[in-house]
Amino acid sequence: MENSDQTKVVLLACGSYNPITNIHLRMFELARDHLEDTGNYRVFKGIISPVGDGYKKKGLIEAAHRIEMAKLATESSNWVRVDPWEGQQAEWVETVKVLRHHYEELLAAERNKDEVDTVKVGKKRRHEDSDGWAHSHCGKTGMTQLKLLCGADVLESFSVPNLWKPEDITEIVGRYGLVCITRAGSDAWKFVHQSDILWRHRKNIHLVKEWVTNEISATHVRRALRRGQSVRYLLPDPVVQYIQEQGLYSADSEEKNADVVLAPLQKYSKGCN
Amino acid sequence: MACRVPLVLLACGSFNPITYQHMRLFELARDHMHQSGQFQVVGGIVSPVSDVYGKQGLAPARHRVAMARLALRSSDWVRVDDWESEQADWTETVVTMRHHYDRILKEHQNTTGAPQLKLLCGADFLDTFQVPGLWRADHVAEVTGRFGLVCVSRGGLLPHRAVHESDTLSRHGNNIFLVRDWISNEISATEVRRALRRGLSVKYLLPDPVIDYIRERGLYTWESEQRNRGAALRPLAQQGAPPETPAD
């Protein structure tokens, strides 16, 4: 099973998870199958990182609930888990900072492992040098990579003015890498082609075709919930139960942040952060 | 609530294997019928087709029934019935409906207000009415006229047109309930089988106990997909056979 030529990969997915649906979980399965099918990667961990309340999206309910639901949803998975770090931050955290945080954690974990396994010390470890991150990470085998898992909408959002800082996009695709689930029929490569940044790092972008089109959007789920319609089999049963017990997702909760500008737009349209 | 008509929904199909989408059909249909204010859905029946149906890649009925049972263990209103799957020959949908309706009437012999029975189907089902040789005209009339259809449509399918383009269907238009699935979800069993035989993950497309069952028994392989290959579907093979004697 363990092949020394294979790069170990951790997948990180950021989003509202308001609430988490089966399709969010499917993305991890599709991405792992795709990466491992290349023969070059072994995906051993997936991290779900719900956004913090500071994101200010309309209808976004408390992070504590969203984290709890994601935990319930991943109970049946042996490789995907929820990390509350991002959700617990008071302010909205840029995706690139979430990636940095988790990459630091990964490095720390591997350092600990290496200290035990003295044979490997020195050979594998490579701290960031003055040259920056670009060479220390990409394409190295033996070192775990952290990749951002996302839907095609994130790829498209890279071209929305003021939503992303260009240097953040460069770091995300250059230093880490992107695994992007696209619907059959959508032309995600077009977005890569039309963006110079993305095109430059295209070798670090993995597009995964989802043949079973499945558009369970959390927006649809919330709409059904506040109208008292069934959402069974769209979300894992324990999540449906939690929503009912806690009385989440009403017409009122949908009005949260109704007139508030999204945190990233607030931040970048001012021209700085 | 008291004046609402009690209703049982029956879904016929291969269920090869059952997916979340099949189970969603029931949830969507029940919500829709309740919102009409006229009906109270009191039960749902999943009726897997028998092996003689002759569809390519059809797994043995006992497995398809067992998987449907596992999937619906968590439902408090939909259950699996193996009557159709155990018939020696392929059973026309209308015959299956008559069987279940007779059973329902017997159960409610001493009560007033026996439930109605309607066929629950996906929008692609309406189109099968137009396939030459697949349906007998009197059966279409009985399914839609005597019983009724609840039809869930997704995406770009145009169920209204299918009704419009069929004289029989439009005659019974008031007994055909079209439900729109806005959360389009096209988990087809065909795609699920394809993923399974390619060794890809199907988690979150079907319930975990069903996936375990498939794994443990090694169902859905390249070999199993070759079953019935080239064989005519039983309903088509029956074409030209003398019409069955009408049920009493």
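The values are calculated or read from the model by the stated rules, or taken from the named source; none is laboratory data. Remember, predicted model here, so these are calculated numbers, not experimental data. Cβ: placed from backbone, ideal geometry, glycine included. Neighbour counts: every protein chain shown. To get the accessible areas, we keep the full protein, side chains included, count just its heavy atoms, and leave off ligands, DNA and RNA. Shrake-Rupley method; radii C 1.70, N 1.55, O 1.52, S 1.80 Å.
What the table below lists for this structure:
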{"read-out": "Principal-axis tilt of helix B:93-107 within chain B, Cα atoms, nearest 10 degrees", "value": "60"}
{"read-out": "DSSP-loop GluC sites (Glu not before Pro) across the stretch A:1-54, with at most 14 other Cβ within 10 angstrom", "value": "A:GLU2"}
{"read-out": "Other-chain or far-sequence residues with amide H under 5 Å of B:VAL179's (modelled H)", "value": "B:CYS151, B:VAL152, B:SER153"}
{"read-out": "Other-chain or far-sequence residues with amide H under 5 Å of A:VAL82's (modelled H)", "value": "A:ILE48"}
{"read-out": "DSSP beta bridge pairing in the protein assembly as shown, given as percent antiparallel to the nearest 5", "value": "5"}
{"read-out": "Net lengthening on full extension, B:ALA232/B:ASN110 (0.36 nm per residue, minus Cα-Cα)", "value": "39.5 nm"}
{"read-out": "Long-range amide H partners of B:ILE45 with built H, under 5 Å", "value": "B:LEU9, B:LEU10, B:ALA11, B:ARG79"}
{"read-out": "For the protein assembly as shown, calculated [θ]222 nm from helices alone, where every DSSP H run of n ≥ 4 adds -39500 (n - 2.57)", "value": "-10500 deg cm²/dmol"}
{"read-out": "Residue-wise HN-Hα coupling along the stretch B:115-121, computed from phi with Karplus coefficients 6.51, -1.76, 1.60 (Hz; x: Gly, Pro)", "value": "x, 7, 10, 10, 8, 9, 8"}
{"read-out": "Under 12 Å, Cβ to Cβ, from B:SER75 - net charge with Lys/Arg +1 and Asp/Glu -1", "value": "+3"}
{"read-out": "Selection from A:TYR242, B:PHE26, B:LEU117, by position along the positive dipole direction of the protein assembly as shown (Cβ)", "value": "A:TYR242"}
{"read-out": "Positive minus negative residues near A:LYS58 (Lys, Arg vs Asp, Glu; Cβ under 15 Å)", "value": "+1"}
{"read-out": "Residues in the stretch B:44-93 occluded by at least 10 Å² - accessible area, probe radius 1.4 Å, against chain by itself", "value": "B:SER74, B:SER75"}
{"read-out": "Lys, Arg +1 and Asp, Glu -1 on Cβ, resulting dipole of the stretch A:182-266 about Cα centre, debye, nearest 20", "value": "400"}
{"read-out": "Share of carbon and sulfur in the accessible heavy-atom surface of the stretch A:7-268 [1.4 Å probe, %]", "value": "48"}
{"read-out": "For the stretch A:168-174, 3J(HN,Hα) per residue [Karplus equation, 6.51 cos²θ - 1.76 cosθ + 1.60, θ = phi - 60°, Hz, x = Gly/Pro]", "value": "5, 4, 4, 5, 4, 7, x"}
{"read-out": "Cα→Cβ-extended label distance, 7 Å offset, between A:TRP79 and A:LYS256, nm", "value": "3.2"}
{"read-out": "FRET efficiency estimate (nearest 0.05) - Cβ-Cβ, A:ASP237 to B:ARG146, R0 35 angstrom", "value": "0.45"}
{"read-out": "Charge dipole magnitude, Cβ of K and R +1, D and E -1 - the protein assembly as shown, Cα centre, debye nearest 20", "value": "540"}
{"read-out": "Contour minus Cα-Cα distance for A:LYS57 and A:PHE44 (0.36 nm per residue)", "value": "1.5 nm"}
{"read-out": "Dipole moment magnitude, nearest 20 debye, chain B about Cα centre, only Lys, Arg, Asp, Glu C-beta charged", "value": "520"}
{"read-out": "Cross-link pairs A:LYS58/A:LYS267; A:LYS165/A:LYS190; A:LYS113/A:LYS147; A:LYS71/A:LYS165; A:LYS56/A:LYS209; A:LYS71/A:LYS267 - those with Cα-Cα distance over 23 Å", "value": "A:LYS71/A:LYS165; A:LYS56/A:LYS209; A:LYS71/A:LYS267"}
{"read-out": "Rounded to whole Hz, the Karplus (6.51, -1.76, 1.60) HN-Hα couplings of the stretch A:11-19, x for glycine and proline", "value": "9, 10, 10, 9, x, 6, 6, 10, x"}
{"read-out": "Total accessible surface hidden between A and B, rounded to 100 Å², 1.4 Å probe", "value": "2300"}
